[in-house]
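Right, one structure below, let's go through it.
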């Protein structure tokens, strides 16, 4: 390493001692003049062939990621500096973010940037010195998300007291899902489980897990989500150290339990999750414990409820007993009995008095009624009616008598009138002559003159006659 | 019956039950009130028990298209083997 830096400067030194002895003319003859470009190209050729693949260790400084996507930095140690560049296509493969102060080992080739006459190392790989790149990436992401507050205790949600519908995001082929179902099947037989299968390792696994999380929390009624996988290498578990998974966990509206690998494996997902379970089985146990705690809680509340009511009844009961024993209540029941008897007696007296009053009034009434009967209105009415009948009879007889008398007198008058009637003579052949109007009886012939009309009444019928002067 | 329908959900039921138990344990309540609370408490407790029992075991798979289907066949065999 040090030979790389020392080489160009070391070379003249051995000749320095012999310099004054050399003939200036000899040197003049040997003079070859290069253009800057030529010499630069020559140097580049030397460097590129000599240092086509080297490992260099140093500390990063002046680290800048350009808009073009290329990364520029300087590697330094206490004695020297080396410019370095990493092109876009390589930068993308970095798990961690190179930053100032980082002690790294880079792999690359040396080259020269002609326009500036600077030599530099073109890196195709950068790895942190000491810890692995993955570890560094882990630390960096952890620090960044932590500073954003994603891991804050205040952000963590409590698990539901009674998880009914449990979402699981993991691979269907892994050990994790079997472990979880085994535990739930044994200790929480009526659990409702929804599995969202995802890849859990390899390219694209992290995005898959994040999408799975986003999908499953949109199902109605999901109370809690378990996300994880079984054990494996750090690389196998890497998807759970990706930012996209951490952010999906944080964005979940329901609490998330992370369950990645074994007890010793700690991932970024574990920090982001509301609860970290050391293993998938443990995640299931946590859910079961919540449910069992809850059942116990309800049991206990039921017992306390009954106990409390019994207690309060017992307290009231003993208060009644205590009060009963107070001096104020001495002979209380006897006094009550006495009052009761008094009450009964008074009631009896009242009833008696009422009945006597009624009887007295009844007697008065009967007397009055008797008197009334003696007055005997009905009989007097009978007498009056009999008298009326008698008067009636007399009146009728008198009326009848008077009517017979009148009839008799009428008959005798009629007979006499009949005998006196001039018309009776007509039966013997006489006739009566009347004037035309039959109002005046013609007694003398002079009373009429020829041309007059007279009427002649015969015994039977009448004649109209004209008077002539014959 | 009627009052069971006034229980909103599980969490609400538990919260109410806890409050009732606390009140009763503090005592100092008239007998009528305690019995009234007790009755409500028993109702809530029964509600919770019913809810605990009523769920039935179910395993479903949610695929990428958002379809849910039962997964019984995939896991029950393995469970039996174990």
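The values are calculated or read from the model by the stated rules, or taken from the named source; none is laboratory data. Quick caveat, the model's predicted, so the values are computed rather than measured. Cβ coordinates were reconstructed from backbone atoms using ideal geometry, including for glycine residues, and neighbour counts include every protein chain displayed.
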Item to complete: Among what's in region A:210-232 and is more than 16 Å from residue A:171 (Cβ to Cβ) and in contact with a strand residue (DSSP E or B) (Cβ under 9 Å, 6 or more places away or on another chain), pick the residue that is nearest to the other protein chains (Cβ to nearest Cβ).
Response: A:219
Worksheet item: How many residues are assigned to a loop (DSSP other than H, G, I, E, B) and closer than 26 Å to residue A:188 by Cα if we restrict to region B:7-32?
Response: 3
Discussion item. Can you go through A:212, A:230, A:221 and tell me which one is outside the structural domain of residue A:110 (by TED's automatic domain parsing) and surrounded by fewer than 20 Cβ atoms within 10 Å (Cβ to Cβ)?
Written reply: A:221
Discussion item. Please determine whether any residue of region A:152-172 is free of Cβ contacts under 8 Å to residues at least 60 places away in the same chain, closer than 28 Å to residue A:232 by Cα and more than 38 Å from the chain's Cα centre (by Cα).
Written reply: no
Worksheet item: What is the number of the single condition among (1) within 18 Å of residue A:260 (Cα to Cα); (2) in a helix (DSSP H, G or I); (3) more than 9 Å from chain B (Cβ to nearest Cβ) that residue A:235 does not meet?
Response: (2)
Worksheet entry | Candidates A:316, A:305, A:362 - the one that is more than 60 Å from the chain's Cα centre (by Cα) and either away from chain B (no Cβ under 14 Å) or surrounded by 10 or more Cβ atoms within 10 Å (Cβ to Cβ) (or both) | A:362
Response to the item:
Filter region A:269-298 for residues that are without any contact (Cβ under 8 Å) to a residue 12 or more places away in the chain and within 28 Å of the chain's Cα centre (by Cα); the one that is nearest to residue A:229 (Cα to Cα) is A:295
Item to complete: Quickly run through region A:255-269 and pick out the residues that are modelled with pLDDT of 95 or more and out of contact with any helix residue (DSSP H, G or I) (no Cβ under 6 Å at 6 or more places or on another chain).
Response: A:255
Fill in: Lone qualifier among B:68, B:62 - being at pLDDT 85 or above, buried (at least 17 other Cβ atoms within 10 Å of the Cβ) and either more than 18 Å from the chain's Cα centre (by Cα) or within 10 Å of chain A (Cβ to nearest Cβ) (or both)
B:62
Worksheet entry | In region A:262-302, the residues that are away from every other protein chain (no Cβ under 14 Å) and out of contact with any strand residue (DSSP E or B) (no Cβ under 7 Å at 6 or more places or on another chain) | A:262, A:263, A:264, A:265, A:266, A:268, A:271, A:272, A:278, A:285, A:289
Item to complete: Determine whether residue A:194 is under 16 Å from residue A:271 (Cα atoms), in a strand (DSSP E or B) and within 14 Å of chain B (Cβ to nearest Cβ).
Response: no
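Restricting region A:173-189 to residues that are surrounded by fewer than 16 Cβ atoms within 10 Å (Cβ to Cβ) and over 14 Å from residue A:289 (Cβ atoms), which is nearest to the other protein chains (Cβ to nearest Cβ)? Lay out the reasoning, then the answer.
Narrowing region A:173-189 to residues surrounded by fewer than 16 Cβ atoms within 10 Å (Cβ to Cβ): A:173, A:186-187, A:189.
Filter once more, keeping what is over 14 Å from residue A:289 (Cβ atoms): A:173, A:189.
On the way: A:173: 10, A:189: 6 Å.
In this case the residue turns out to be A:189.
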Item to complete: For residue B:44, state whether it is at pLDDT below 85 and within 9 Å of chain A (Cβ to nearest Cβ).
Response: no
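Is it true that residue B:35 is in a helix (DSSP H, G or I), surrounded by 13 or more Cβ atoms within 10 Å (Cβ to Cβ), modelled with pLDDT of 85 or more and within 8 Å of another protein chain (Cβ to nearest Cβ)?
So residue B:35 does not fit the description; no.
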Worksheet item: When the residues of region B:47-59 are filtered to those that are buried (at least 16 other Cβ atoms within 10 Å of the Cβ) and more than 7 Å from chain A (Cβ to nearest Cβ), which remaining residue is modelled with the highest pLDDT?
Response: B:47
